[in-house]
Amino acid sequence: MLWFSVFRNFVAVLSQTVSILVIASIAVALNYLLTLWFVYGGFGLEPLGLFGAGLATTFVSWFMFLTLALHVFRKPMFRGFGIFRGRWQVIWPLCREIMQLGIPVAGLAFLEAGLFVATAILSGIISAKTLAAYEIVMAWVGIPFVIAFGLAEATMIRVAHAIGANRMRQARKAGFLGMTLVIIIVSSMVVVPLVFAQPIIRIFISPEDSGFSEVSRLAAHFLVIAAIFMVFDGLQATAARALRGMKDNLVPLWIAGFGYWVLGIGGGSILAFYYEMGGAGLWWGLAAGLAVAACLLSWRFHRFTLRRAI
């Protein structure tokens, strides 16, 4: 998967994203079929259980990498980059630059992933029903975030292209256009958890299940907060990637650490346990932390590009 990610980012930077979508779509279907076959057996193969599921994912991961590598090798527009021509060599100054750019990016991803893991742990400390409601809401929140993530990646690429062409005004325009699109699209999805809370909840838990009424009540409450949360989540992701397109990674890492952990986890924990707001306190902490991070990252992009666009 790491090698696939390298080729995927290389192809995406050149605005050739359709091939990635096609390969990923085929991989999803292939993974589903192989998982069924390996887990339950058939056609002469003994059932492999959970090991079969892991084996299927491994095969599909290699399929994705090899297919994309073959696509890059065969397509004429990629040949000029000489990826498969000549010997590969280590260029230490370039490695140093990649590390300087990549480590803060990895740190931000770690902080973001850790934010939701920590919130899940804290939800479980409150109660099992709070954790169940949290997981239901996170399953829904993941849908608008994936859309926002795709737009954020596109924004990063357009900003980077403009910076490479020494067109700061175009970079500024691309960044704010991406942020605006994310706000509009994600905001249009806010109505879904507000109006269809119960249908969403019943996808994951049946009215016949024990504890349904309490989990349903908590999840419905969390979905209202998540409607606010997901707009700021999409905005901060886009602003961070717009800055990443300008090679500005270190300050966004500190902003994320403050917003995610000091305000998000710290503030959420105070609301949840000291003020006895329970799971709702954790969600309000997340919303507040991401809102502050979104505002600070957007403001930094504004100031960063304004000075250079004049």
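Summary table
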{"quantity": "Helices (runs of 4 or more DSSP H) within the range 164-235 that include 3 or more residues in the same structural domain as Ser123 (by TED's automatic domain parsing) and within 27 Å of Ile255 (Cβ to Cβ)", "calculated": "168-188"}
{"quantity": "Filter result for the condition that a residue is over 19 Å from the mean Cα position of the chain (by Cα) and either at pLDDT 90 or above or farther than 30 Å from Leu243 by Cα (or both), over Phe84, Phe110, Phe78, Phe116", "calculated": "Phe84"}
{"quantity": "Count of residues meeting criterion [under 24 Å from the mean Cα position of the chain (by Cα) and among the aromatic types (Phe, Trp, Tyr)] in the range 263-281", "calculated": "0"}
{"quantity": "Whichever residue in the range 282-310 is among the small types (Gly, Ala, Ser) and within 23 Å of the chain's Cα centre (by Cα) and, among such residues, is farthest from Thr155 (Cα to Cα)", "calculated": "Gly285"}
{"quantity": "Residues that are touching a residue at least 60 places away in the same chain (Cβ under 8 Å) and more than 17 Å from Ala27 (Cβ to Cβ), drawn from the range 50-80", "calculated": "Met77, Phe78"}
{"quantity": "Meets criteria (among the aromatic types (Phe, Trp, Tyr) and without any contact (Cβ under 8 Å) to a residue 40 or more places away in the chain) for Phe116", "calculated": "yes"}
{"quantity": "Selected residue (criterion: nearest to the chain's Cα centre (by Cα)) from residues of the range 31-52 that are among the aliphatic types (A, V, I, L, M) and buried (at least 16 other Cβ atoms within 10 Å of the Cβ)", "calculated": "Leu34"}
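The values are calculated or read from the model by the stated rules, or taken from the named source; none is laboratory data. Treat the numbers as computed from the prediction; the structure is a model and nothing was measured. Here Cβ is always computed from backbone atoms with ideal geometry, including for glycine, and neighbour counts include all displayed protein chains.
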